[in-house]
Amino acid sequence: MNLKLVDECEKNKIKQIFELKETILEYLAGKNINLFETIKELGIDLHLNDKFPSKFSQKVYSSLLSVKYGELTNYSEIGEKIGSKANRAIGNILRGNPLPLIIPCHRVIKKNGEIGGFMGISEKSWQQTLKKKLIEIEHST
DNA sequence: CTACGCTCAGATA
DNA sequence: TATCTGAGCGTAG
């Protein structure tokens, strides 16, 4: 193993992370940024196939990635796109979202306009407040 | 096989 | 409006 090569590799990773951090900060400041695309451009491998092993979960997240900045959708709408009525099952996939913000599950609310859950919690919670906040940020520009 | 859930539409008061 | 069904179905154990 060439130590110098490993070192270069680590340096590169660190650089990527710092660039990502800057991008996320800009996003949180209200700039219209597609975080997922940015990450691809930075060359960061998200290992999505490992994180979403089943066919169903892959459909859910790929459908979610087509929801653009500032848009809102709901669980049953995603179900229609992927040809399933399993709204709760979709929620179950989203609750295990390993990449919040990047995979924009905060853009998915309930059909009746309620906020829905976030990060695995559906009751009145700081998670829901955060979800609302993220939606507000995207609609403020 | 069972139990559970970031849901939904319908019923009831 | 608020609260309670049952249906629906992929996933984890």
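The values are calculated or read from the model by the stated rules, or taken from the named source; none is laboratory data. Keep in mind it's a predicted model, so treat the numbers as computed, not measured. Note that each Cβ is placed from the backbone with ideal geometry, even for glycine, and that neighbours are counted across all protein chains shown.
Could you tell me how many of the residues in the range A:88-126 are surrounded by fewer than 17 Cβ atoms within 10 Å (Cβ to Cβ) and part of a helix (DSSP H, G or I)?
Residues flagged as surrounded by fewer than 17 Cβ atoms within 10 Å (Cβ to Cβ) and part of a helix (DSSP H, G or I) within the range A:88-126 amount to 5.
Any chance you could count how many residues in the range A:109-131 are within 13 Å of DNA strand C (Cβ to nearest atom) and touching a residue at least 12 places away in the same chain (Cβ under 8 Å)?
Number of matching residues: 3.
Please state which one of A:82, A:109, A:115 is aliphatic (A, V, I, L, M) and within 8 Å of DNA strand B (Cβ to nearest atom).
A:109
Taking only the range A:15-55 into account, find how many residues are under 18 Å from residue A:107 (Cα atoms) and in a loop (DSSP other than H, G, I, E, B).
The number of residues fulfilling the criteria is 6.
I need every pair where a residue in the range A:56-85 that is farther than 18 Å from residue A:112 by Cβ and part of a helix (DSSP H, G or I) has its Cβ under 6 Å from the Cβ of a residue that is more than 10 Å from DNA strand C (Cβ to nearest atom) and charged (D, E, K, R), sequence separation at least 6 or different chains.
A:63/A:81
Name the residue that is modelled with the lowest pLDDT, counting only residues in the range A:48-67 that are near DNA strand C (Cβ under 10 Å from one of its atoms) and of a type in the set (Phe, Trp, Tyr).
A:52
For residues that are more than 11 Å from the chain's Cα centre (by Cα) and polar (S, T, N, Q), scanning just the range A:54-65, find the one that is farthest from DNA strand B (Cβ to nearest atom).
Just the residues of the range A:54-65 that are more than 11 Å from the chain's Cα centre (by Cα), to begin with: A:54-60, A:63.
Okay, now just the ones that are also polar (S, T, N, Q), so A:54, A:57-58, A:63.
Values: A:54: 13, A:57: 12, A:58: 16, A:63: 14 Å.
Looking at the filtered set, the residue picked out is A:58.
Kindly check whether there is at least one residue in the range A:99-118 that is among the charged types (D, E, K, R) and touching a Leu at 6+ places or on another chain (Cβ under 6 Å). Don't jump to the end; show me each part of the working.
As a first pass, look at the range A:99-118 and keep what is among the charged types (D, E, K, R): A:107, A:110-111, A:114.
Restricting the remaining residues to those that are touching a Leu at 6+ places or on another chain (Cβ under 6 Å) gives A:107.
Yes, the conditions are met somewhere in the range A:99-118.
Restricting to the range A:68-108, give me the number of residues that are of a type in the set (A, V, I, L, M), within 14 Å of the chain's Cα centre (by Cα) and more than 10 Å from DNA strand C (Cβ to nearest atom).
Residues that pass the stated criteria total 7.
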